[in-house]
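Step one of this worksheet: look at the structure below.
The values are calculated or read from the model by the stated rules, or taken from the named source; none is laboratory data. All of these numbers come straight from a predicted model, not from anything done at the bench. Ideal geometry is used to build each Cβ from the backbone, glycine not excepted, and the neighbour counts take in all protein chains shown.
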Amino acid sequence: MSERILFEENDERTKVIIPIKRQPLYWGLYTIMLIVWFVGAIWGLAAVVSFFRQGNSGLSGVYLGAYIFILLLVAVLWFYLGRKVWTQWQYFSANREILFFYPEQLIIRRPVSILGITDAYTREHVSQFRLDSKLNCPAFDYGHYRIPVGMTLPLEEGKALISEINSRFYPDIPEDDEDDY
């Protein structure tokens, strides 16, 4: 097993810490998108406040109701876009990936300081780990979804990680052929 990948065990769970390299191109793109989103949110909020502060908008009745409906629709879409950009920014900002193997669930955490992304999967629906042929990284299937982990690991470390995880958590399941999508 690699010295960079750490396994920590206690009575409750096994913790696997996988170092990952930051991908500067994606990180930079999502940083720019996050800044644009934030500036756009502040600008939009200031525009709406100044519009209603004037009080003499000339809109009344149905027109004012339609304007407010459109503003709310744009605000909801802008918020949704911001959440997606924020999540992706955190994903590409992390420098490690932590897998928590509990008896009933698998938790994957990509910490960024006190922030970060956490996904939880029910262990009974998690397949054994295998090498994803498209991404060349360890992955597991969760229902119909392929979940990659340690995407920036070198191939040899990825294979060693797969072997170690499968021997610890899936010892009775035979290794089957790759059935990538």
### Summary
Residue set Tyr102, Tyr63; condition hydroxyl-bearing (Ser, Thr, Tyr), more than 30 Å from Tyr121 (Cβ to Cβ) and surrounded by 10 or more Cβ atoms within 10 Å (Cβ to Cβ); output residue Tyr63
### Task
Determine, yes or no, whether Glu164 is modelled with pLDDT of 90 or more, acidic (Asp, Glu) and either exposed (fewer than 15 other Cβ atoms within 10 Å of the Cβ) or more than 30 Å from Asn10 (Cβ to Cβ) (or both).
no
#### Entry: Residue list for the stretch 16-29, restricted to those being under 14 Å from Val149 (Cα atoms) and surrounded by 14 or more Cβ atoms within 10 Å (Cβ to Cβ)
Val16, Ile17, Ile18, Pro19, Ile20
### Task
Could you pull out the residue among Ser113, Ser133 that is out of contact with any Lys or Arg (no Cβ under 9 Å at 6 or more places or on another chain), on the phi > 0 side of the Ramachandran plot and in the same structural domain as Glu12 (by TED's automatic domain parsing)?
Ser113
### Task
Scan Ala75, Ala120 and give me the residue that is of a type in the set (Gly, Ala, Ser), under 23 Å from Asn10 (Cβ atoms) and surrounded by fewer than 17 Cβ atoms within 10 Å (Cβ to Cβ).
Ala120
